Amino acid sequence: MESSYTLRTAGVADAGEIARHRGLMFLDMGLVIQSEAEALTVASAPWFADVMERGQYKGWVVELEGQIVAGGGLHLSEVGPLPGCLRVVRSAHIANIYTHARHRKQGIARSLLNEMLNWCRESKIDQVTLTSSSEGRALYTSLGFAPQPDGMLLQLEQKR
Ligand SMILES: CC(C)(COP(=O)(O)OP(=O)(O)OC[C@H]1O[C@@H](n2cnc3c(N)ncnc32)[C@H](O)[C@@H]1OP(=O)(O)O)[C@@H](O)C(=O)NCCC(=O)NCCS
């Protein structure tokens with residue numbers, strides 16, 4: 001990543017932009033259309049502000065001349081003691097990795113992820129998980145992530 005880009009931790013004031021990254025990420029992945037991406041952004045913004053205030057989400061953004069051009073974050077959680085591991089295990093789930101199209105292929109997402117993983121090591125996070133898009137797969141593999149066998153899921157009915 002060129003030195004004209006700056007990387008910083010995100011604050012609650014960035015929740016709207018992080019929500020926009022979420023909408024754009026799913027749009028670029030082909031999972032939603034424009035109007036759905038916009039609705040997702042609107043629905044996500046207050047939620048990001050809330051989880052950031054509660055310390056459950058830690059975000060980073062990359063700026064160029066004061067404009068945010070990329071971002072990513074970690075959902076933080078804990079798992080209680082298990083057989084063979086009697087301490088609390090701290091987990092981070094990577095989410096919302098997004099680089100605006102004009103700024104791609106310059107190492108921005110790689111710099112973001114390296115910063116996030118350094119923070120995880122310093123913060124004694126035990127394990128880092130993610131769900132990869134096809135565009136992100138080579139990047140995550142090169143950073144040491146490995147595919148895991150599927151777990152199981154029960155989808156409970158909820159009103160939208
Ligand atoms: C995936 C994405 C975040 C990569 O951002 P970026 O800033 O361009 O990534 P980088 O420049 O740091 O590239 C890092 C590596 O990713 C890979 N990569 C980047 N863009 C890629 C693409 N379009 N297709 C395949 N691999 C790609 C390359 O292997 C690159 O490795 P290199 O450093 O050896 O060249 C960006 O393309 C994006 O926002 N895509 C849409 C949303 C998305 O898929 N987000 C990830 C969700 S899991």
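Please treat every number below as a calculation from the coordinates, not as lab data. Remember, it's a predicted structure, so these values are computed and weren't measured experimentally. Positions of Cβ are backbone-derived with ideal geometry, glycine not excepted, and every protein chain shown enters the neighbour counts.
Residue by residue, the stretch 58-73 carries 3J(HN,Hα) couplings of 10, x, 9, 9, 10, 10, 10, 6, x, 9, 6, 10, 6, x, x, x Hz when phi is fed to the Karplus relation 6.51 cos²θ - 1.76 cosθ + 1.60 (θ = phi - 60°); x denotes Gly or Pro.
What FRET efficiency do you get for R137 and W47 if R0 is 25 Å and r is their Cβ-Cβ distance, rounded to the nearest 0.05?
Working: r = 27 Å, r/R0 = 1.07.
The value I calculate is 0.40.
Placing dummy labels 7 Å off each Cα toward the beta-carbon, the span from D150 to W119 is 3.2 nm. Treat the count of other C-beta atoms within 10 Å as a stand-in for reagent exposure and order E135, E2 from fewest to most. In increasing order of surrounding Cβ atoms, one gets E2, E135. Of the residues A13, G59, L113, the one whose Cα sits farthest toward the positive end of the charge dipole of the chain, with +1 on the Cβ of Lys and Arg and -1 on the Cβ of Asp and Glu, is L113. So which lysines pass the test for K124, namely a Cα distance under 17 Å, with those fewer than 8 places away in the same chain ruled out? The reachable lysines, counting only those whose Cα sits under 17 Å from K124, are K58.
Helix-only arithmetic for the chain: the sum of -39500 (n - 2.57) across DSSP H runs with n ≥ 4, divided by the residue total, places the mean residue ellipticity at 222 nm at -11000 deg cm²/dmol. Structure remark: mean-square fluctuation, Gaussian network model of the chain, C-alpha springs under 10 Å; the largest value among M116, M29, M52 belongs to M29. All alpha carbon pair distances within the stretch 5-139 were sorted into 5 Å bins beginning at 0; the resulting P(r) in whole percents reads 2, 10, 19, 22, 21, 14, 6, 3, 2, 0, 0. Between D126, D150, D50, the Gaussian network model of the chain with springs among Cα atoms under 10 angstrom shows the greatest mean-square fluctuation at D150.
Placing +1 on the Cβ of every Lys and Arg and -1 on the Cβ of every Asp and Glu, with no other charges, gives the stretch 5-139 a dipole of roughly 440 debye about its Cα centre. Applying 0.36 nm per residue to the separation of T9 and E78 and subtracting their alpha-carbon distance, the gain on full extension is 22.7 nm. Sorted ascending by nearby beta carbons within 10 Å, beginning with the fewest, L156, L139, L74, L31 become L156, L31, L139, L74. By the Kirkwood approach, averaging reciprocal distances over each pair of separate Cα atoms, the stretch 1-72 gets a hydrodynamic radius of 12.6 Å.
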